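Written below as structure tokens is the structure these notes are about.
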Amino acid sequence: MRIGELAERAKTRPSTLRYYEERGLLQPPGRTPAGYRSYGEESVRRLQFIDRARAAGFTLTQTAAILQIRDAGHSPCTHVRDLLDRRLTEVDEQIEQLRLLRANIVELREGADDVRAQICTPDDVCSFL
């Protein structure tokens with residue numbers, strides 16, 4: 001299949017597919033006699049994997065490393081498990097940071113209800129902060 005058809009099946013743009021080729025995420029395709037890129041079903045499966053990796057929060061660099069392990073004939077599952085563990089830790093840290101941010105915003109908002117806090121002078125940007 002040509003690049004446009006693959007892009008349509010993968011719900012992406014041809015430019016994204018070319019970028020993935022440059023980054024090593026997508027294997028360079030064969031070419032037709034007319035010079036068009038010619039992709040097979042393996043490219044569709046690879047793009048589906050890339051989408052799942054992105055949905056898990058993996059970077060393109062991490063995803064490329066996983067695919068390189070697989071392309072070398074090895075199972076990348078141990079590596080993926082380690083990445084998932086790291087990703088869970090990162091998400092937990094982000095959740096905690098967001099919890100603290102929310103508490104700070106709630107406190108600021110409650111202070112904004114104070115009548116005295118509503119008196120702003122031209123020298124102040126905003127007395128709520």
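Annotations
- Taking segment 20-129 as the region of interest, the helices (runs of 4 or more DSSP H) fully inside it that hold 3 or more residues being over 27 Å from ALA7 (Cβ atoms) are 77-112.
- Pair list, Cβ < 6 Å and 6+ apart or interchain, from segment 72-99 residues that are surrounded by 10 or more Cβ atoms within 10 Å (Cβ to Cβ) to residues that are assigned to a helix (DSSP H, G or I) and among the small types (Gly, Ala, Ser): none
- Flag for LEU101 being of a type outside the set (D, E, K, R) and not assigned by TED's automatic domain parsing to the domain that holds GLU22: yes
- Matching entry among ALA55, ALA65 (being assigned by TED's automatic domain parsing to the domain that holds GLY24 and more than 13 Å from LEU25 (Cα to Cα)): ALA55
The values are calculated or read from the model by the stated rules, or taken from the named source; none is laboratory data. Since this is a predicted model, take the numbers as computed values, not measurements. Note that we place each Cβ from the backbone using ideal geometry, even for glycine, and neighbour counts take in every protein chain shown.
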